Amino acid sequence: MKVNGSVESLDVEPWVSLLDALRERLGLTGPKKGCDQGACGACTVLADGVRINACLALAVQYDGREITTIEGVAHPLQEAFVRNDGLQCGYCTPGQICSAIGMLAEYEAGMPSAVPESSGLDEAQIRERMSGNLCRCGAYNGIMDAIKEVSG
Ligand code: FES
Ligand code: FES
């Protein structure tokens, strides 16, 4: 697979998750292991530009695909997170940023949200679209402000 622009050849057992392959085999510890069961979003990466939970994906399924982790991201959201104090412990941050990049692309592509659209990508929409990413410390409002700033 291609990871952050580099072609990586991995020899992994069929049961190895993409998250473990990235963290343990390639040393990319940006994607975090939170729940390891698809509930927290800390492990979010982009696969061909689409956000996925790497803990729920098998590495072998992504043979030949293009994976982007936080280490391969250069996006205005990163500075917006700093400006808006969107990180406290920072544990959820890589997943929040990768997820927000994917979310903005989904919105641009016209993918619907469970929240009816009133006026563009408003706060209720952002909260719903980012609901797969949990922040367990006090940074959540800063995260929302950072995403609002970049999407607005
Ligand atoms: S570690 Fe993947 S969703 Fe929590
Ligand atoms: S910044 Fe601490 S869990 Fe989100």
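In the context of the full set of protein chains, residues of the chain present 50 Å² of accessible surface per residue (probe radius 1.4 Å, heavy atoms only).
Please work out whether the chain counts as rounded, prolate or oblate from its C-alpha gyration tensor, where a ≥ b ≥ c are the square roots of the eigenvalues and a/c under 1.5 means rounded, while otherwise a/b larger than b/c means prolate and anything else oblate? Since a/c reaches 1.5 and a/b is larger than b/c, the shape of the chain is classed as prolate. Of the options PHE81, ILE126, ILE52, report the single residue whose Cα projects farthest towards the positive end of the charge dipole of the chain (beta-carbon charges: Lys, Arg +1; Asp, Glu -1). So the residue we want is PHE81. Local charge for TRP15 was computed over the other residues whose Cβ lies under 14 Å away, with Lys and Arg +1 and Asp and Glu -1, and equals -4. Around the amide H of VAL45, modelled in the peptide plane, lie the amide H atoms of ILE52, ALA54, all under 5 Å away and 5 or more residues distant in sequence or on another chain. Most tightly packed first, judged by the mean number of other beta-carbon atoms within 10 Å of their residues, the peptides 97-106, 119-128, 69-78 read 97-106, 69-78, 119-128.
The values are calculated or read from the model by the stated rules, or taken from the named source; none is laboratory data. Predicted, not measured: the structure shown is a model, and the values here were computed from it. In this analysis, Cβ positions are derived from the backbone assuming ideal geometry, glycine residues included, and neighbour counts consider all displayed protein chains. The protein model used for the area step is the full one, side chains on, heavy atoms only, and it has no ligands, DNA or RNA in it. Shrake-Rupley method; radii C 1.70, N 1.55, O 1.52, S 1.80 Å.
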